[in-house]
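The values are calculated or read from the model by the stated rules, or taken from the named source; none is laboratory data. Remember, predicted model here, so these are calculated numbers, not experimental data. Here the Cβ positions follow ideal geometry from the backbone for every residue, glycine too, while neighbour counts run over all protein chains shown.
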Amino acid sequence: MPEQEHATFALAGQPNVGKSTVFNLLTGLNQHVGNWPGKTVEQRTGTFVHDGMTVDVVDLPGTYSLTAASPEELIARDYVIRERPDVVIVIINAASLERNLYLVAEMLALPAPLVLGLNMVDVARQEGFEVDADVLSAAIGIPVVPMVAARGIGVHDLVDAAIDVVRHGPQKEPNRPQVREDHQEVVAKLDALVADYVPEAYPVDWIALKLFEGDAEISRIMAEATPADVWTEVQATLRQHEDAIIAVASGRYEWIRRMTRAALQRPRTGRITLTQRLDNVATHPFWGLILLAVVLAATFGFTYAIGVPVQDWMADELVGGIADVAQQVLAPLPDWFSGLIVDGIIGGVGSVLTFVPILAVFFIAMGLLEDVGYMARAAYVMDRFMHAIGLHGKSFMPLFLGFGCNVPAIMGARIIESRRSRLLTIMLAPLVPCTARLAVLAVLVPIFFPANATLVSWALTGLPLVMLAISGVVINQLFLRGEQSVFIMELPLYHQPHWKTLGILVWQRLLAFIRKAGTVILVVSIVVWALATLPHGEIDTSYLAAVGRFLEPVGLLMGLQWRPLVALLTSFIAKENAIATLGVLYNVGESAAALSSVLAAHMTPASGLAFLVFQMLFIPCVATLAVIRQETASWKWVALNVLFLTLLSFVGAIIVFQVAVLWL
């Protein structure tokens, strides 16, 4: 045996089968998360050593089939074809055996040996299913390993089976599904027609099958590679068999029926399973909404009851303490240098760190809900409401979390598979009023409307939500041409969460936030600090103040002079900055009473209302924009979000001011 053996495993499987659990058990923290080249789909790779062999593991995107109807499906099959991993480990759910075997049927046509991980055998048994792994293995002709990945059972056996295939090759030729018998001659004809023109790496018989199946991507590739006369004959052959896709699917389902005939024992007729009993409430049109409200309230309360106090402690004690020490150490140096380090760099990095507690608790809560299977039910009961604004049910949970902070709301959009729906959710999430904006309302509304503070606060809180709904409809109709996102999802069986997987998930997402978003926040914090400080060290004579004075003609359309405009600009770092900046610009410090008096003297109720409307609709804080850049992997979407919200806030504030002048 060589001193150092090396192999590459690809992990494949449908969503909700425990594939991520297996990946995390194998690789632990020794993994890398990025995007597939040229794609926005997440790529996870990792390494582990087992039985003297170093193994690279590639976690392929979860997909129900390989028809190239989505980027995930295209990535999964192209990786297997072009990269030729030593083994493809397909994880399937034992309680949904027949549905999961459809992906296996397609994988068997690709040029890589398979090993089957039969996961969740405990959940299957609980639901009344019994699967004989040995019988299934004999039927298909590939290794089948029973597992309970959530408890680490069978994972080593799975790796042993895969390594055995690498070292000794498959024990026999697998039993592959065939096209329905009455169409096999047609596939053979297509095979003969295109055999000489198939691009390197692609199996000829697989290309012929995909052409017969009507695969758009393969048709495009072969149309470019095949001479015109041959391609015309191919097209003519395909037109004579418009039921081809039915013939292919029928062959696969017949294969599944034969593979499971002896291996699968189903629950007795009339048995009501635990999942069914729970779903009687969780997916009920009325009680499902009540349960969702309770779950959301608990999630929201849990996240911010734990996260906010820790965030406040970090801001006051940790970041504040470091800033105080740095201020003392740097006292002998020029003020501008001290300000750059303390306010620009430490303040910028500190703003990143203070988000970590909230994000950590949020990721734990969301991970638990998804891992036990409830997230799919929440999406199901909210789907009909979210469709009104061009989204589907999965968008509700991230948007709801925006009431606490827009950062976790945008990062939470990762649970949405559709890129179109994910982008629309990210674009609309900043319109959900976060706690920082609500804090500004709490301070300023009583100053301008002492007699009707509660009513005005509720109206201002509801305004961005109304604009969110209207904007969703408009964006969907104008830019997405009214396209409705197809919402097809499996309701997974309820099962216990896997804590190690959850911990790795939280760690990875926090690290990604700090690394990617943190760099953007740091740069922007330094830039805004410089604009607010230079050239003379005073904010009212700074370049930022000059920008405020430049914008004052537009500001007067909503009753705002340059000082409130500068306060709005500084809220770009953190929304609470608006109040502190007003105190500095009006020379009253942080005294609430003094600020109340000076604002009442310098701003009318109409201009105060316009200021608050602008604040509620204005661009989100720099942390939110940094996360938008991180999640979309493009500055284009950040720029569009800034442009959209800036225009919306200006127009909204101007209209409100002009109307309010007539009434207040």
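May I ask you to list the residues in the range 557-571 that are under 19 Å from Leu645 (Cα atoms) and either surrounded by fewer than 20 Cβ atoms within 10 Å (Cβ to Cβ) or not assigned by TED's automatic domain parsing to the domain that holds Asn641 (or both)? Don't jump to the end; show me each part of the working.
Going through the range 557-571, the residues under 19 Å from Leu645 (Cα atoms) turn out to be 557-558, 560, 564-571.
Within the range 557-571, just Leu557 meets the criteria.
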**Request:** Just give me the residues in the range 43-71 being hydrophobic (A, V, I, L, M, F, W, C), out of contact with any Leu (no Cβ under 9 Å at 6 or more places or on another chain) and in a strand (DSSP E or B), in sequence order.
**Result:** Val49, Met53
**Message:** Every residue in the range 253-266 that is over 16 Å from Asn100 (Cβ atoms) and not in a helix (DSSP H, G or I), please.
**Reply:** Arg261, Ala262, Gln265
**Prompt:** Within the bounds of the range 581-596, is there any residue that is free of Cβ contacts under 8 Å to residues at least 60 places away in the same chain, of a type in the set (Ser, Thr, Tyr), farther than 19 Å from Ala409 by Cα and crowded, with 19+ Cβ neighbours inside 10 Å?
**Reply:** yes
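Looking at the range 585-664, what helices (runs of 4 or more DSSP H) fall wholly within it and have at least 2 residues that are under 30 Å from the mean Cα position of the chain (by Cα) and of a type in the set (S, T, N, Q)?
Numbers: elements: 592-602, 605-617, 622-632, 635-663.
Ranges flagged: 622-632, 635-663.
Quick test for you: out of Asp316, Asp312, Asp279, pick the one residue that is assigned to a helix (DSSP H, G or I), modelled with pLDDT of 80 or more, at negative phi and of a type in the set (Asp, Glu). Outline the logic, then answer.
Details: Asp316 fails: modelled with pLDDT of 80 or more; Asp312 fails: modelled with pLDDT of 80 or more.
Checking each option against the conditions leaves just Asp279.
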**Item:** Exclusive hit being at pLDDT 85 or above and within 25 Å of Ile410 (Cβ to Cβ), set Leu599, Leu609, Leu647
**Value:** Leu647
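Evaluate the following for Leu74: is it of a type outside the set (Gly, Ala, Ser), touching a residue at least 24 places away in the same chain (Cβ under 8 Å), assigned to a helix (DSSP H, G or I) and touching an Asp or Glu at 6+ places or on another chain (Cβ under 7 Å)? Don't jump to the end; show me each part of the working.
Numbers: of a type outside the set (Gly, Ala, Ser): yes; touching a residue at least 24 places away in the same chain (Cβ under 8 Å): yes; assigned to a helix (DSSP H, G or I): yes; touching an Asp or Glu at 6+ places or on another chain (Cβ under 7 Å): yes.
Spelling it out, Leu74 is indeed of a type outside the set (Gly, Ala, Ser), touching a residue at least 24 places away in the same chain (Cβ under 8 Å), assigned to a helix (DSSP H, G or I) and touching an Asp or Glu at 6+ places or on another chain (Cβ under 7 Å).
Just to check your reading of the model, which residue among Arg261, Arg266, Arg239 is within 36 Å of the chain's Cα centre (by Cα) and either over 15 Å from Glu181 (Cα atoms) or assigned by TED's automatic domain parsing to the domain that holds Val131 (or both)?
Arg266
Residues to consider are Leu330, Leu318, Leu296; find the one that is of a type outside the set (Lys, Arg) and either in contact with a Pro (Cβ under 7 Å, 6 or more places away or on another chain) or touching a residue at least 40 places away in the same chain (Cβ under 8 Å) (or both).
On the way: Leu330 fails: either in contact with a Pro (Cβ under 7 Å, 6 or more places away or on another chain) or touching a residue at least 40 places away in the same chain (Cβ under 8 Å) (or both); Leu318 fails: either in contact with a Pro (Cβ under 7 Å, 6 or more places away or on another chain) or touching a residue at least 40 places away in the same chain (Cβ under 8 Å) (or both).
Just one listed residue meets the conditions, Leu296.
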**Request:** Exactly one condition in (1) under 34 Å from the mean Cα position of the chain (by Cα); (2) assigned to a helix (DSSP H, G or I) is not met by Ser250; state its number.
**Result:** (1)
**Complete:** Scanning the range 161-195 residue by residue, those under 30 Å from Thr226 (Cα atoms) and either assigned to a loop (DSSP other than H, G, I, E, B) or touching a residue at least 60 places away in the same chain (Cβ under 8 Å) (or both) turn out to be Arg176, Pro177, Gln178, Val179, Arg180, Asp182, His183
**Request:** Counting only residues that are within 18 Å of the chain's Cα centre (by Cα), give me the helices (runs of 4 or more DSSP H) lying completely in the range 357-451 with at least 1 of them.
**Result:** 374-386, 396-401, 406-411, 419-428
**Prompt:** Between residues in the range 6-28 that are under 14 Å from Trp499 (Cα atoms) and residues that are part of a helix (DSSP H, G or I) and of a type in the set (S, T, N, Q), which pairs lie under 8 Å by C-beta distance while being six or more apart or on different chains?
**Reply:** Ser20/Thr501; Thr21/Thr501; Asn24/Thr501; Leu25/Thr501
**Request:** Output the number of residues of the range 201-214 satisfying the condition of being surrounded by fewer than 20 Cβ atoms within 10 Å (Cβ to Cβ) and more than 35 Å from the chain's Cα centre (by Cα).
**Result:** 2
**Cβ pairs under 6 Å, 6+ apart, first in the range 374-387 and over 19 Å from Gln276 (Cβ atoms), second not in a helix (DSSP H, G or I)** = Asp383/His392; Asp383/Phe487; Met386/His392
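Going by the conditions given, is Ser571 touching a helix residue (DSSP H, G or I) at 6+ places or on another chain (Cβ under 9 Å), within 24 Å of Trp336 (Cα to Cα), modelled with pLDDT under 75 and of a type outside the set (Val, Ile, Thr)?
Details: touching a helix residue (DSSP H, G or I) at 6+ places or on another chain (Cβ under 9 Å): yes; within 24 Å of Trp336 (Cα to Cα): yes; modelled with pLDDT under 75: no; of a type outside the set (Val, Ile, Thr): yes.
No: the conditions fail for Ser571.
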